[in-house]
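Below is one structure, written out as structure tokens, with a few remarks after it.
The values are calculated or read from the model by the stated rules, or taken from the named source; none is laboratory data. Being a predicted model, the structure only gives us computed values, none of them experimental. Because the Cβ atoms are built from the backbone with ideal geometry, glycine has one as well, and the counts that use them run over all protein chains shown.
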């Protein structure tokens with residue numbers, strides 16, 4: 001029997017610290033495009049959950065990736081899927097609390113529209 005996957009979760013504070021320090025981390029926003037456009041974590045790329053299987057090759061294998069959805073549940077599923085597709089488990093994380101957790105921690109002013 002296969003070992004259950006262990007998915008890393010990163011807090012909004014930890015992600016902010018990594019971004020502030022200029023670490024090479026790819027933040028992937030799994031919400032719909034209109035949700036992303038209404039406000040997102042600075043530097044995040046938009047990759048709607050339903051597009052993940054088709055667009056997975058757009059994500060680098062050699063970078064740390066933080067997945068973010070609304071509340072942090074879907075991103076756990078996508079992280080597990082990515083690991084099953086060959087990404088290193090220690091390079092894929094889910095944002096704990098998702099977008100809602102980010103806004104709760106950092107406020108609406110910590111979002112950008114680009």
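Structure values in brief
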read-out: Count of residues meeting criterion [surrounded by 14 or more Cβ atoms within 10 Å (Cβ to Cβ), outside any strand (DSSP E or B) and touching a strand residue (DSSP E or B) at 6+ places or on another chain (Cβ under 8 Å)] in segment 12-30; value: 5
read-out: Subset of segment 33-63 that is more than 13 Å from the chain's Cα centre (by Cα) and within 14 Å of residue 98 (Cα to Cα) - its residue that is surrounded by the most Cβ atoms within 10 Å (Cβ to Cβ); value: 35
read-out: Segment 80-114: number of residues that are touching a helix residue (DSSP H, G or I) at 6+ places or on another chain (Cβ under 8 Å), in a loop (DSSP other than H, G, I, E, B), surrounded by 11 or more Cβ atoms within 10 Å (Cβ to Cβ) and at pLDDT below 95; value: 2
read-out: Filter result for residue 72 (surrounded by 15 or more Cβ atoms within 10 Å (Cβ to Cβ) and modelled with pLDDT under 95); value: yes
read-out: Conditions (1) assigned to a loop (DSSP other than H, G, I, E, B); (2) more than 19 Å from residue 109 (Cα to Cα); (3) in contact (Cβ under 8 Å) with a residue 12 or more places away in the chain; number of the one not met by residue 52; value: (1)
